[in-house]
Structure formats: C-alpha cells, structure tokens
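To start, the structure itself, in structure tokens.
The values are calculated or read from the model by the stated rules, or taken from the named source; none is laboratory data. Keep in mind that this is a model prediction, so the values were computed, not measured. So basically every Cβ, Gly included, is an ideal-geometry build from the backbone, and we count neighbours across all protein chains shown.
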Amino acid sequence: MRIESVEQLRKLEKKYRGETESHPVRVHICYGPGCLANGAQEIGDRFRKVIKEKKLKNFKVEAIKETGCHGFCERGPLVVLEPEGTFYTKVKVKDVEAIVEKSLGKSEIIESLLYTNPADDKKIQRYKDIPFYAHQKRIALRNLGQIDQTSLHDYIAAGGYQGLAKALTAMNPNKVIKEVELSGIRGRGGGGFATGRKWATCAKIESDVRYVVCNGDEGDPGAFMDRAIMEGDPHTVLEGMIICAYAVGSTQGYVYVRDEYPLAVVHLQKAIEDAEAVGLIGENILGTGFSFHIAISRGAGAFVCGESSALMRSVAGEVGEPRAKYIRSVVKGLKDKPTVLNNVETFACIPVILSEGGKAFSKIGTPKSTGTKAFSLVGKIENTGLIEVPMGTTLREIIYNIGGGIKDGKPFKAVQTGGPSGGCLPESKLDLPVDFDTLTEAGSMMGSGGMIVMDDATCVVDVARYFLSFLVEESCGKCVPCREGLYQLHQSAVRICEGKGTDDDLEIMQHLSDMIVIGSLCGLGTSGPNPFLSTIRYFRDEYEAHIKEKKCPAGVCTALITYIITDRCTGCLACIPACATDAITGKKGQVHQLAQDKCDRCGACYAVCKYDAIEIH
C-alpha cells in the first residue's frame, strides 16, 4: 500500500505501534555480528520451535524480534524481554526452553542468565540499570535493540519517517538547512565539518544535478559503529539522506558500503525496496511532488576510499584515488556535480533533529561539539562493545564507568582514538572531554569513533609500527610524500622494534613526519604520521629504551626480550610440549632449563605457565 500523505503515515504509526504493544511480552534477540557468530540464529530458531510446541497463551511467535546490535558485545548472545527490560546474557540454545517456560510462561527471572556487576557482585535484571547502558545517551543508535532490523513496520512504529514528513510538508528546503545549522551537528565521519554549512553551500551552487552520498566505508580497524547502524536500523540512514536531498535539491543518492559488510548491503537493499514499495523513496514522496532515488555502491575495501574525493571516484566507477582539495565536493563532487557527503552516523541523527528540533540537539554535548557520538569500545577493557555518549564525556567516564575498567585489573597505559590515523593518549589525559577540538589539541582525533584501550602489556612503539604498516598498505601511492614518506617512517619504526634504532632515528622521523603532513594530497597522508607523533609525544622514554637500552619495557618486541625460567618452576612439564623449537628441557618435579640459542621468543611457554615461573627480561 502506497503512503500518499502525512496523515496516512501517522495512522500507520499508531496502528503498527498498537500491534507491537498488543504483545504483553516481547523477546528481542540480538542479531548483531558478534551475537550471530556465537549462535544467535540458532537461538532464534529454537525460540520459535519451542514456542510453537508449548502453545503458550498470550504469546505468539510474532512477538520475537531479530534486532540489531545491542552494543554489549562482551556479554552476547543477548536476549531482552520487553517491556520489563529483563536482560539475559551469554544465552545458549540449551537455555531457550527454560526462558520460555519460566520467563514467558510464569514470569520468573532466571538468575543465572542475568548480568553480574563486578563492582559489587550483584545481579542486575534490567538493562537500563546496567552501568554499560545507564551512562549512555542514544540518538544515532536509538533503535538498535528496540526494533526488528529489517522491518519497515517497526521503524514506522518507532516514529520513523516523521522527520521526513515534517520537512516535506511544514518546511521549505532553506528552513530544513537552518534547522540543521541550529543543531550545530558536525560530520561524524572524522573531519568534523559543520553539516548545516555543507548543505547550505551545496544548495547555493548553480547546477542541474546534485547528489547525496552516504559514506558507509568505515575502514578503521576496530570500528563498527556505521556497520551496526546500517545492519540494525537501515531506514534511519535512508530517511536522513532523503531529508538532505530535499534540502539541497537532489534527486539521486548513493550509499557507499565496503565489501566486507555483506549483511549491511542486504539489509539496506531490503530497506530501499520496502520504502520504494510504499512511496517513501522514488517518485512523488508522500504525495508532495518531491522525488528521490537511492542506490547502493559497493567499495572494494580500500581504506583510502573513505576519503571524500577517492570515494566519489569509486562510486563513479573509476580508480579510488584522491584529488587535490582546492575544489570542494560540495562544488564539484560526484561526476563533477555538487555533492553532499556525510557518513552513516551523521545521517542517522538527522531524523531526530528534524522531529525534535535543532535547538534540543544543540543542548546536548558541548557548545562547539553538539549532540552525541558513537564509539566502538574495544581492546584490553572489561566491557567491549558499541556505545553512544554526549560529546564532552571524559575518557575516564567512558573507560571506567561504561567500559568497566581495564581487563583483569591491570594498569591503564593508553587509549587510541580516531583509527589508524589517530593518536595514543596516556593516563594523564583520561580526564579530557571527548570532543572534536580537545582531542585534536591533545594530538589525537575523533575520527569515525574507534576507541582502543591498552594495558601495561602494550608496547606503544609496536602499536605505532602496526598502524604505520596498515597505512603503508592502504596508501593509494598517488603522491610521493604519502607513498614514500610513510614507508620510510614505518621502516624506522621496524628498526627500533628490532633493536637496530639509533639516536638519530627519532629526529629523522620527526622531520619526515612534518614533510608528510605538509606535502600529502589527502587526509590519509596528512594524518598518517599521527601514530608516531602521538606516541613520541607522550611515550618518548619507551622509544629511548628501545634505542639506548635495547629493551622493550612492555616485553612485546621479540628481538629485545629474553624468557627466563626461575626457581618458581614446579616442573609441571606444561611448557615443554608448548615449545615448538624444543628449547626447554627438564624432568617432572625439577626446575626446567631454557636454551636461549634455540628460543624463538614466541611466548608459548609464558602463556601456559600457571606458576609465574617464566619471566620476561
């Protein structure tokens, strides 16, 4: 049925919401990638089978929702019983029958499946009371875990497309842009450019054609915010794009999705087809005369194609290489036509800004960085997952209040923000507010929202080497400063990790970094030296230990460490079969010996020793 008017959309919202609320209990199963990898599909299938067999009163299979990522990846697979919000963690297929019989049939709580708060060892029933969720404020991620990830009905029931309806019927294009400007939202893709200003500039350019492009490339290692939104709430991305198209006068849009996100492509394609079927995408949207079409463009996985001009060349079917930025994409972008490019998270916020007003959005966060920001919180931390917090939240709040602190109670060492081109910040910076400008001043960056936490067993020199290696691999090679400069910078880091560094290396690397920043063509090059620049700024002593003392303080760089078996050895024999080079000898009950000339420093013996009898020197 085609939706021809705003009134019809509102009636459908009321109808669909009523259908959802008619179920006294709803089972929300997380179908995010992490939970799927741990058996969520089998859990969902088992729920349907058991429910049909039990023939429960007042409960139907339709009350089961396959939702997007709930965010708490560390505790998956996740099952939530609504509307109470009962939160079951690490659910297995064998637990399903008990949940159906007790929680659905008798309204009992299964204590063993509840989350246990490490702070006081108490069980927490409702997910909103769990610190991981309690300290968040969700706007871009508002529907994840709440609606069926592929259901247009669920999205409409949650207020979906009401922002679009308001824009098309109660506002002219200029007023829409003013509302976005009032919100103060800056692009969530990493650059942090003012979204309203970008839209306004594009709308003013004289052209017969304008394009709207959504950047869903998200190439940062450890980042999965955009992926979760595209998979779990695709309609919010489409709605944001349509609003933008109306504001700037575009009739064609593209969602650029990296090839490693096949599920996102499937869900986006279904969302586009479903929206087209009811007239929310295509010709004469909501009977207003406005038309807009959206197509999916798949990237081949090149990190450089996250850069605006390279991305647009890729969408156009050309080689994904950047071009000089003296002409901006809002003037000459895709096919040399004015183009608005925003990332997934930015577009996901637009419907809320239109529905609730730009002023309300601007009151969240800080004056220069308004709203919220989604992060993928990963690394050596108790609670890994997907989070969203108001701009200005400190690193300490994120890592300790939401993340639960460092895994196994180890000391905090650094947090890397902004992806491979970001920077590592030490413990002295934990009270910094997380916003665009503050992170940049500290030598890091917001980036798309990756946040990797490291403990004291991390070597920051090795971290810099790793990310420089990634950037060398992903450089398109078009400009010399990036192609050759990053390669030389990486080679210097490799030499230092191997104990071959000299006193001159750090000065040369500093000078080389300056030249790369000045001369590179695009953001990959200009931000490429950041892994080195941030770590040398805050952890110079660790570089000097590698160079002068030929020692890796963290015990990571294999060329600079030696494994020693101490007198604490009980002679348990566990390390002997673990050693691939037969470097360890000894008899049961006696202290073992390790031949240094045979040891390849793989660390296998250290990993299996239960008595801390092996030390790293």
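Take segment 538-572 and flag every residue that is more than 26 Å from the chain's Cα centre (by Cα) and within 18 Å of Met445 (Cα to Cα). Let's see the steps before the verdict.
Kept after step one, since they are more than 26 Å from the chain's Cα centre (by Cα), are these residues of segment 538-572: 539-572.
Of everything in segment 538-572, just one residue is more than 26 Å from the chain's Cα centre (by Cα) and within 18 Å of Met445 (Cα to Cα), namely Phe539.
Of the residues that sit in segment 281-298 and are within 16 Å of Ala167 (Cβ to Cβ) and touching an Asp or Glu at 6+ places or on another chain (Cβ under 8 Å), which one is surrounded by the most Cβ atoms within 10 Å (Cβ to Cβ)?
In this case the residue turns out to be Leu286.
Identify all residues within segment 289-312 that are assigned to a helix (DSSP H, G or I) and closer than 20 Å to Val480 by Cβ; write none if there are none.
Listed by number, the residues that qualify are Phe303, Val304, Ser309, Ala310.
Which condition breaks for Glu231 when tested against (1) modelled with pLDDT of 95 or more; (2) out of contact with any His (no Cβ under 7 Å at 6 or more places or on another chain); (3) crowded, with 24+ Cβ neighbours inside 10 Å; (4) part of a helix (DSSP H, G or I)?
(2)
Look through Val80, Val50, Val27 and report the one residue that is in the same structural domain as Glu108 (by TED's automatic domain parsing), aliphatic (A, V, I, L, M), surrounded by fewer than 19 Cβ atoms within 10 Å (Cβ to Cβ) and not in a loop (DSSP other than H, G, I, E, B). Write out each step before concluding.
Values: Val80 fails: surrounded by fewer than 19 Cβ atoms within 10 Å (Cβ to Cβ); Val27 fails: surrounded by fewer than 19 Cβ atoms within 10 Å (Cβ to Cβ).
Of the residues listed, the single one that is in the same structural domain as Glu108 (by TED's automatic domain parsing), aliphatic (A, V, I, L, M), surrounded by fewer than 19 Cβ atoms within 10 Å (Cβ to Cβ) and not in a loop (DSSP other than H, G, I, E, B) is Val50.
Taking Ile43, is it under 34 Å from the mean Cα position of the chain (by Cα) and outside any helix (DSSP H, G or I)?
Criteria not met by Ile43.
Can you work out which of the residues in segment 508-555 that are among the small types (Gly, Ala, Ser) and in contact with a strand residue (DSSP E or B) (Cβ under 7 Å, 6 or more places away or on another chain) is surrounded by the most Cβ atoms within 10 Å (Cβ to Cβ)?
Initially, segment 508-555 is screened for residues among the small types (Gly, Ala, Ser), giving 513, 519-520, 523, 525, 527-528, 534, 545, 554-555.
Going one step further and asking which of them are in contact with a strand residue (DSSP E or B) (Cβ under 7 Å, 6 or more places away or on another chain), we end up with 534, 555.
Numbers: Ser534: 26, Gly555: 20.
Checked segment 508-555; the qualifying residue surrounded by the most Cβ atoms within 10 Å (Cβ to Cβ) is Ser534.
With Gly44, Gly85, Gly68, Gly32 as the choices, which residue is out of contact with any Lys or Arg (no Cβ under 7 Å at 6 or more places or on another chain) and either free of Cβ contacts under 8 Å to residues at least 40 places away in the same chain or on the phi > 0 side of the Ramachandran plot (or both)? Walk me through it before giving the result.
On the way: Gly85 fails: out of contact with any Lys or Arg (no Cβ under 7 Å at 6 or more places or on another chain); Gly68 fails: either free of Cβ contacts under 8 Å to residues at least 40 places away in the same chain or on the phi > 0 side of the Ramachandran plot (or both); Gly32 fails: either free of Cβ contacts under 8 Å to residues at least 40 places away in the same chain or on the phi > 0 side of the Ramachandran plot (or both).
Checking each option against the conditions leaves just Gly44.
I'm checking my understanding of the structure. Among residues of segment 442-491 that are in a strand (DSSP E or B) and among the β-branched types (Val, Ile, Thr), which one is nearest to the chain's Cα centre (by Cα)?
Step one: list which residues in segment 442-491 are in a strand (DSSP E or B), which gives 450-455.
The next check asks that each one be among the β-branched types (Val, Ile, Thr); those that pass are 452-453.
Details: Ile452: 11, Val453: 14 Å.
Selected residue: Ile452.
Go through segment 427-457 and give me each residue that's over 22 Å from Pro390 (Cα atoms) and surrounded by fewer than 19 Cβ atoms within 10 Å (Cβ to Cβ). Show your work before the answer.
Going residue by residue through segment 427-457, those that are over 22 Å from Pro390 (Cα atoms) are 454-457.
Asp455, Asp456, Ala457, listed by residue number.
Among the candidates Leu489, Leu432, which residue alone is outside the structural domain of Gly528 (by TED's automatic domain parsing) and either among the aliphatic types (A, V, I, L, M) or more than 15 Å from Ile536 (Cα to Cα) (or both)?
Values: Leu489 fails: outside the structural domain of Gly528 (by TED's automatic domain parsing).
Of Leu489, Leu432, the one residue that is outside the structural domain of Gly528 (by TED's automatic domain parsing) and either among the aliphatic types (A, V, I, L, M) or more than 15 Å from Ile536 (Cα to Cα) (or both) is Leu432.
Condition test on Lys175, is it of a type in the set (Lys, Arg) and either in contact (Cβ under 8 Å) with a residue 60 or more places away in the chain or crowded, with 24+ Cβ neighbours inside 10 Å (or both)? If you could, list the steps in order and put the result at the bottom.
On the way: of a type in the set (Lys, Arg): yes; either in contact (Cβ under 8 Å) with a residue 60 or more places away in the chain or crowded, with 24+ Cβ neighbours inside 10 Å (or both): no.
It is false that Lys175 is of a type in the set (Lys, Arg) and either in contact (Cβ under 8 Å) with a residue 60 or more places away in the chain or crowded, with 24+ Cβ neighbours inside 10 Å (or both).
So if I check each of Gly379, Gly385, which one is touching a residue at least 24 places away in the same chain (Cβ under 8 Å), among the small types (Gly, Ala, Ser), surrounded by fewer than 24 Cβ atoms within 10 Å (Cβ to Cβ) and under 30 Å from Gly525 (Cα atoms)? Please lay out each step first, then the result.
Details: Gly385 fails: surrounded by fewer than 24 Cβ atoms within 10 Å (Cβ to Cβ).
The match here is Gly379.
Return yes or no: is Leu164 touching a residue at least 12 places away in the same chain (Cβ under 8 Å) and either touching a His at 6+ places or on another chain (Cβ under 9 Å) or surrounded by 21 or more Cβ atoms within 10 Å (Cβ to Cβ) (or both)? Show your work before the answer.
Numbers: touching a residue at least 12 places away in the same chain (Cβ under 8 Å): yes; either touching a His at 6+ places or on another chain (Cβ under 9 Å) or surrounded by 21 or more Cβ atoms within 10 Å (Cβ to Cβ) (or both): yes.
Spelling it out, Leu164 is indeed touching a residue at least 12 places away in the same chain (Cβ under 8 Å) and either touching a His at 6+ places or on another chain (Cβ under 9 Å) or surrounded by 21 or more Cβ atoms within 10 Å (Cβ to Cβ) (or both).
Return the residue satisfying two criteria in turn: it lies in segment 92-132 and is part of a loop (DSSP other than H, G, I, E, B), of a type in the set (A, V, I, L, M) and within 18 Å of Gly403 (Cβ to Cβ), and of such residues it is nearest to the chain's Cα centre (by Cα). Lay out the reasoning, then the answer.
So the first thing to find is which residues in segment 92-132 are part of a loop (DSSP other than H, G, I, E, B), and the list is 92, 105-110, 118-121, 125, 130.
If we keep only those that are of a type in the set (A, V, I, L, M) as well, we get 109-110, 119, 130.
After this cut, where a residue has to be within 18 Å of Gly403 (Cβ to Cβ) as well, the list is 119, 130.
Numbers: Ala119: 26, Ile130: 21 Å.
In this case the residue turns out to be Ile130.
Determine whether segment 416-429 contains at least one residue that is assigned by TED's automatic domain parsing to the domain that holds Leu377 and hydrophobic (A, V, I, L, M, F, W, C). Break it down stepwise before answering.
We begin by selecting, within segment 416-429, every residue assigned by TED's automatic domain parsing to the domain that holds Leu377; these are 416-429.
From what is left, the residues that are hydrophobic (A, V, I, L, M, F, W, C) are 424-425.
Taking every residue of segment 416-429 in turn, at least one turns out to be assigned by TED's automatic domain parsing to the domain that holds Leu377 and hydrophobic (A, V, I, L, M, F, W, C).
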